[in-house]
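The values are calculated or read from the model by the stated rules, or taken from the named source; none is laboratory data. Predicted, not measured: the structure shown is a model, and the values here were computed from it. Cβ: placed from backbone, ideal geometry, glycine included. Neighbour counts: every protein chain shown. What goes into the accessible areas is simple: the full protein's heavy atoms, side chains included, and nothing from ligands, DNA or RNA. Shrake-Rupley method; radii C 1.70, N 1.55, O 1.52, S 1.80 Å.
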Amino acid sequence: MTTKREKFGGRMAVILAMAGSAIGLGNIWRFPYMVGEHGGAAFVIVYVVATLLISLPVFLAEVMIGRRSHTNSRDAFARLSRQHPFWKWAGYLTILIPTLIACYYSVIGGWSVEYFLKSCSLSFVRMSPEEASGFFGPFAASPWTPVIMHLIFLGITVAVVAGGVKSGIEKFSKISLPVLFVLILMILTYSVSLPGAGEGVRYLLHPDWNELTPRTFAYAMGQSFYSLSLGMGAIITYGSYVSKKENILTTSAGTAVSDLLFAILAGFAIMPAVFAAGIEPGAGPGLIFQSIPYVFAKMGAGMPVLSAAVSILFFLAIIVAAMTSCISLVEVGVSFLMERSRMSRGRACLILFLLCGGLGVLCSLSFGPLADAKVAGMTIFDLFDWTCSNILLLLMALLAVVFVGWILPRRVVHDEFTNGGRLAFNERLFPAVYFLIKWVAPIAVVVIFFTNFIL
Ligand code: PHE
């Protein structure tokens, strides 16, 4: 993967690689239900501001750590801090987090596989819209199918990782992002034209400031980090592939803006359908699996062929987007095991499959047989997601900005940001960006981190 990306070189290749990691289930599946659970437009506004003022500086910090150290995420901190014990330890977090996320990420991947198969057998087109959106509840709660689908999704992901990331998948993912984009636009156009959809558009555009609680900030920030693949080693690793000639501001901003656009588009494709279908916007993780089939079933009444084709392509594109992201999640643990214990790639993959597969089964069952098994009021699935997105990601992102703002010498940061003073625009922006990295981002993350516990 590395050599290929390096060979392509150039700004577009870097942006595409980073956007490929960033754009995934976080944008299509997670963002819309977070919006629904945490106050609609108010959440969206906080999300946009947080992305530009906090996540972008964190993103820059991670790219700098990667590019400067030119090594994997675990060793990057150690190398740049000259083997300081604390930072060596911090590097381990970048292995733990993606592995934990892979456990439940692949459960959602499994749901997409089931929905893809259902689309292929023309099930949604034949159902009434109400049946199509009602399919999700009993499906997710059933003990077998979701578990099997989760294992199938994870199995394919791990198999790809085991064989090395083949160029086929790389090429496929390059096509799948534009395809997904076009399909989302199509669904958006249809979805806003549904009767009752206006309410959904209004929900996204008119903030109700009463809905804005300290928790909104915490969740918006967690979502923004999650969506940009921050705080889990992925961007540090990609950063290590970025050439010294590249302008990291353009590539980082390009990635952040495309990720943001994708999330907002997904919001506008899904929320109107949610309202048109009469689904509760705060319905949680099942939101897109309830609202999108409703759209397809409704569309199917008038245009069955088009609806069937779009639904098949849509779920396929989601699977591919999710799989390319999940591959990079699993790859982090695999490469770590291989380097640390000189294990073969195959064996490392098997271990990850068993570990993530096993824990993922618990996450999957928490929608059905284990729904009552709760820790601190959360189901196992929610516990995994909450711990990763609202605790571990924030912690890791904090470590990254503190590292760049306080541990790395200012001249090194300046050198990375301006390519040794050669980029005039970056030169002018440097004091502001450095201030954001050194002060604003760490303080914001700490405040938000504690909000999670206090409120
Ligand atoms: N950012 C991805 C998403 O939005 C999740 C992810 C994080 C994938 C880190 C890979 C690495 O779905």
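Just a few scattered comments:
- Test: ARG30 is within 16 Å of the ligand (Cβ to nearest atom), in contact (Cβ under 8 Å) with a residue 40 or more places away in the chain, out of contact with any His (no Cβ under 8 Å at 6 or more places or on another chain) and closer than 24 Å to ALA253 by Cβ: yes
- One residue alone among PHE86, PHE43, PHE31 is in a helix (DSSP H, G or I), over 30 Å from GLY200 (Cβ atoms) and at pLDDT 90 or above, and that residue is PHE86.
- Taking the numbered list (1) touching a residue at least 40 places away in the same chain (Cβ under 8 Å); (2) touching a strand residue (DSSP E or B) at 6+ places or on another chain (Cβ under 6 Å) in turn, ILE391 passes all entries but (2).
- Among the residues listed as ILE184, ILE236, the single one being within 15 Å of the ligand (Cβ to nearest atom) and under 30 Å from TYR434 (Cβ atoms): ILE236
- Of the residues in region 125-138, at least one is more than 20 Å from ILE270 (Cα to Cα) and modelled with pLDDT of 95 or more.
- Sole residue being more than 19 Å from the chain's Cα centre (by Cα), touching a residue at least 24 places away in the same chain (Cβ under 8 Å) and within 16 Å of the ligand (Cβ to nearest atom), chosen from VAL107, VAL160: VAL160
- Matching helices (runs of 4 or more DSSP H) fully within region 349-455 where at least 1 residues are closer than 22 Å to SER328 by Cβ and touching a helix residue (DSSP H, G or I) at 6+ places or on another chain (Cβ under 9 Å): 380-386, 393-402
- Against the numbered list (1) touching a helix residue (DSSP H, G or I) at 6+ places or on another chain (Cβ under 7 Å); (2) among the hydrophobic types (A, V, I, L, M, F, W, C); (3) at pLDDT below 90; (4) open to solvent by 50 Å² or more (accessible area, probe 1.4 Å), LEU177 comes up short only at (4).
- Condition check for VAL305: closer than 30 Å to MET127 by Cβ, β-branched (Val, Ile, Thr), out of contact with any helix residue (DSSP H, G or I) (no Cβ under 8 Å at 6 or more places or on another chain) and more than 15 Å from the ligand (Cβ to nearest atom): yes
- The conditions of being closer than 23 Å to GLU62 by Cβ, assigned to a helix (DSSP H, G or I) and over 20 Å from the mean Cα position of the chain (by Cα) are met by THR250.
- Residues (surrounded by fewer than 19 Cβ atoms within 10 Å (Cβ to Cβ) and either among the aliphatic types (A, V, I, L, M) or in a helix (DSSP H, G or I) (or both)) located in region 266-285: GLY284
- For region 181-196, the criterion of being open to solvent by 60 Å² or more (accessible area, probe 1.4 Å) and either in contact with a strand residue (DSSP E or B) (Cβ under 7 Å, 6 or more places away or on another chain) or of a type in the set (S, T, N, Q) (or both) is met by at least one residue.
- Looking across LEU100, LEU96, one residue alone is open to solvent by 40 Å² or more (accessible area, probe 1.4 Å), at pLDDT 95 or above and within 16 Å of the ligand (Cβ to nearest atom). It is LEU100.
- Selection within region 286-344 - among the hydroxyl-bearing types (Ser, Thr, Tyr) and open to solvent by 20 Å² or more (accessible area, probe 1.4 Å): THR324, SER328, SER335, SER341, SER344
- Residue, nearest to VAL330 (Cα to Cα), within region 138-158, restricted to residues that are hydrophobic (A, V, I, L, M, F, W, C) and open to solvent by less than 30 Å² (accessible area, probe 1.4 Å): VAL158
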